[in-house]
Structures are given as C-alpha cells and as structure tokens.
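Chemist: Below is one structure. I have some questions about it.
The values are calculated or read from the model by the stated rules, or taken from the named source; none is laboratory data. The structure displayed is predicted, hence computed values, not measured ones. Reconstructed Cβ throughout: ideal geometry from the backbone, glycine too, with neighbour counts over all protein chains shown. Remember, those area values only see protein heavy atoms, side chains included, never the ligands or the DNA or RNA. Shrake-Rupley method; radii C 1.70, N 1.55, O 1.52, S 1.80 Å.
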Amino acid sequence: MTRVAAFDVGGTRMKVGVVVDGVVERLEPRATSGLDGRAVVQMLAVTAGEIASDGGLDAVGVAVPGIVDDGRVVVLPGKLPGLVGLDIAGALAEEAQAPVLLVNDAIAAGVGEATAGAGVGHHRVVVMTIGTGIGVAVVEAGRPVGAGPWGGGLMGGHIPIAAPHEGPYDSNGGRGTIEALCAAERLMDAAHAAGCDAADVPALLARWSSGDEAARRAVAAYRTSLEQALVALAHAHTPSVIVVAGGPVSTSPGWLLDGMTEAVSRRLWQDQHCAVVPAALGDAAALVGLATLAVG
C-alpha cells in the first residue's frame, strides 16, 4: 500500500488530498488568496505534517503553476509573490519525513488524465487545460515526455497559431499564441464582441443551449481558435488523443468539443488520427498525477 499527500497549489486555493494506491481521498481545500510564498510554504509544511502524523507517508507531491527545478519554483509569472527560489521540497520533507516531488501543475494533471482518466489506453496523450492561461502536458507511457524544467511539453500554450502583432497577450507577453487566443477569458471576449451580454460562462452556455444567435456566434468564434490550437498540438506531438480540461469544458463538454475530433482530423496528415475528448477526473487529476509520479 502506498500513501501520498498531494497538493495542487493555485493562486486562490490549494486542493489537498491523500492518495492511497491511486484512490484519492480529498480533504478540505485551503485558501491561498492574498498569501505570499513563505506563507504558502508554511501552510504546505504544516498540512503535510498533519497528514503524516495520521498514518505516515510514502511521499509528498506538490503541483504549482510555474517552472520547477530541483524542488524550487524558478519562474512563476504573476502569482504567489515570493515563492520563486524557496526550497519548497526541503521544507516539506523535514516536516513530513518523506521524499517530496515538486512539479508543474499542468504536468501533474496531464499524468493523472493519461494514467487514470480520459487518456487511459493511449500510448501518447496531450492534455490541454483551459483556465486563466493554457496548461499543456505531453505524456507517453504514463510519464512526461522529456526531462528537466522545460520538459513535458509544458510550453505548448505558447505555440503561435496567428499573427504576433495584434490581439490579446499571453502570460509571457506574446500575441497570437494558443494561450493568448484560447484562455478562458477569450470565450467571454467573444461573447461581448458578438453582442451577447452574458455575465459568465454558465450564462453564455445557457444562452447557447437556448439557440441565442449572439451566443452561437461567440462560441463558434472561440471554437475556431480552439480548433487551430488542437491542430497545432496534434501536429507537434502526434498523440492518439488530446484531452481537454478546464472550466469552460467542465460546465458541458459538448458545446466546445462536439465534432472537434472530425474537424481536427480533417487537417492532419493522411492516416494520422487524433481523438479530442473531455477530461474525466476534474479537480482530482493533478492529485492522481502527483501520486503516480511520486511513487512510480
């Protein structure tokens, strides 16, 4: 039996779970909004220690929204100030008395979906997560493709799919990239440009479902960018499946993904096949992936 404490750290909350032999027992999330890096590390260490005292741990896994190297975050644009450079793994290992794995959150979620979610049965899987930014992971045989802080395909959100001199910016200051054009905020931008005054994604979905013409135009415009992104990822990594996760998809996969496999496949190399499917694990994906990587 393996027992892993898993933490998925975000800018507003931290998801917490104990993963026993691949089964997630989710615990109460902790708020991180307004905390600096040292406070977040202290919260992680205390929580890991509490979990360890309740039965011991084989490992601790931590997912963070940044570039990770040697147990530390080395790049983290715009989130959790002061976290960069702190010895996160060392602080947790001392408190939990267990080895600690620190990885990028998209990589953790990607491994979770590939090994226990929508990617099961596929050798190479690309997972694209739509949120404030775009997370991408490329997983082969259950492990991220490529080693080191820049491995795993995690820079996939910065692949250019349009001209670089107009439109919104991505988190690296680039234009025309997958992240710039497909981040969740772009869906609401498309709604407003189409004359739909929906207040949020669920409201836009409701109007789309009712046949509202402005909502239909907005979703169609966003789907055009999403299709471009999926085609680029399919050509770059030649997976047999791309798993799409994140808030807009989790509300109802159909409105963004119905027909997307066919649309993408028409633009691939002859005899190349790539299914596009919604994620299956939700918030548990990163926790499962952390446990898989930490004890595998």
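Chemist: Starting from region 109-123, keep only residues that are of a type in the set (S, T, N, Q), then list their pairs with residues that are part of a loop (DSSP other than H, G, I, E, B) whose Cβ atoms are within a distance under 8 Å, requiring at least 6 positions of separation or different chains.
Modeler: Going by the 8 Å Cβ cut-off, the qualifying pairs are THR115/GLY142.
Chemist: Out of everything in region 183-197 that is outside any helix (DSSP H, G or I) and modelled with pLDDT of 95 or more, what residue ends up being surrounded by the fewest Cβ atoms within 10 Å (Cβ to Cβ)? Talk me through it step by step, then tell me what you get.
Modeler: Kept after step one, since they are outside any helix (DSSP H, G or I), are these residues of region 183-197: 183, 194-197.
Okay, now just the ones that are also modelled with pLDDT of 95 or more, so 183, 194-196.
On the way: ALA183: 23, ALA194: 20, GLY195: 11, CYS196: 21.
Checking each candidate, the answer is GLY195.
Chemist: Could you check region 47-72 and list, in sequence order, the residues that are open to solvent by 70 Å² or more (accessible area, probe 1.4 Å) and of a type in the set (A, V, I, L, M)?
Modeler: none
Chemist: Just give me the residues in region 207-229 being among the small types (Gly, Ala, Ser), open to solvent by less than 60 Å² (accessible area, probe 1.4 Å) and part of a helix (DSSP H, G or I), in sequence order. Walk me through it before giving the result.
Modeler: Step one: filter region 207-229 for residues among the small types (Gly, Ala, Ser), giving 209-211, 214-215, 218, 220-221, 225, 229.
Going one step further and asking which of them are open to solvent by less than 60 Å² (accessible area, probe 1.4 Å), we end up with 211, 214-215, 218, 220-221, 225, 229.
Within region 207-229, ALA214, ALA215, ALA218, ALA220, ALA221, SER225, ALA229 meet the criteria.
Chemist: Moving on. Checking VAL264 against (1) out of contact with any Leu (no Cβ under 7 Å at 6 or more places or on another chain); (2) free of Cβ contacts under 8 Å to residues at least 40 places away in the same chain: exactly one of these is not met. Which one?
Modeler: Of the numbered conditions (1) out of contact with any Leu (no Cβ under 7 Å at 6 or more places or on another chain); (2) free of Cβ contacts under 8 Å to residues at least 40 places away in the same chain, the odd one out for VAL264 is (1).
Per-residue answers, yes or no, for (1) assigned to a loop (DSSP other than H, G, I, E, B); (2) among the β-branched types (Val, Ile, Thr):
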position: ALA5; (1), (2): no, no
position: ARG30; (1), (2): no, no
position: LEU35; (1), (2): yes, no
position: LEU44; (1), (2): no, no
position: GLY56; (1), (2): yes, no
position: VAL60; (1), (2): no, yes
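Chemist: Name the residues in region 73-108 that are open to solvent by 20 Å² or more (accessible area, probe 1.4 Å), hydrophobic (A, V, I, L, M, F, W, C) and assigned to a helix (DSSP H, G or I), would you?
Modeler: ALA91, ALA93
Chemist: Then there's this: For region 94-137: of the residues being among the hydroxyl-bearing types (Ser, Thr, Tyr) and at pLDDT 95 or above, which is farthest from the chain's Cα centre (by Cα)?
Modeler: Just the residues of region 94-137 that are among the hydroxyl-bearing types (Ser, Thr, Tyr), to begin with: 115, 129, 132.
Keeping just the survivors that are at pLDDT 95 or above gives 115, 129.
Numbers: THR115: 15, THR129: 4 Å.
Per the criteria, the residue is THR115.
Chemist: Check ALA280 against each of (1) crowded, with 17+ Cβ neighbours inside 10 Å; (2) outside any helix (DSSP H, G or I); (3) of a type in the set (Gly, Ala, Ser) and name the one condition it does not meet.
Modeler: (1)
Chemist: Quick one: TRP255 ticks every box in (1) under 20 Å from HIS158 (Cα atoms); (2) surrounded by fewer than 23 Cβ atoms within 10 Å (Cβ to Cβ) bar one, so which box is it?
Modeler: (1)
Chemist: In this structure, is ARG175 touching a strand residue (DSSP E or B) at 6+ places or on another chain (Cβ under 9 Å), among the charged types (D, E, K, R) and surrounded by fewer than 20 Cβ atoms within 10 Å (Cβ to Cβ)? Break it down into steps so the answer makes sense when it comes.
Modeler: Details: touching a strand residue (DSSP E or B) at 6+ places or on another chain (Cβ under 9 Å): yes; among the charged types (D, E, K, R): yes; surrounded by fewer than 20 Cβ atoms within 10 Å (Cβ to Cβ): yes.
So ARG175 passes the test.
Chemist: Quick one: VAL120 ticks every box in (1) outside any loop (DSSP other than H, G, I, E, B); (2) aliphatic (A, V, I, L, M); (3) over 20 Å from GLY11 (Cα atoms) bar one, so which box is it?
Modeler: (1)
Chemist: Still on this structure, please answer the following. Going by what's in this entry, would ARG26 be described as open to solvent by 10 Å² or more (accessible area, probe 1.4 Å), touching a residue at least 60 places away in the same chain (Cβ under 8 Å), over 16 Å from ALA294 (Cα atoms) and among the charged types (D, E, K, R)?
Modeler: Values: open to solvent by 10 Å² or more (accessible area, probe 1.4 Å): yes; touching a residue at least 60 places away in the same chain (Cβ under 8 Å): yes; over 16 Å from ALA294 (Cα atoms): yes; among the charged types (D, E, K, R): yes.
Yes, satisfied.
Chemist: Next question. Check off (1) touching a Pro at 6+ places or on another chain (Cβ under 7 Å); (2) β-branched (Val, Ile, Thr); (3) over 18 Å from ILE107 (Cα atoms) for ILE161 and give me the number that stays unchecked.
Modeler: Against the list (1) touching a Pro at 6+ places or on another chain (Cβ under 7 Å); (2) β-branched (Val, Ile, Thr); (3) over 18 Å from ILE107 (Cα atoms), ILE161 comes up short only on (1).
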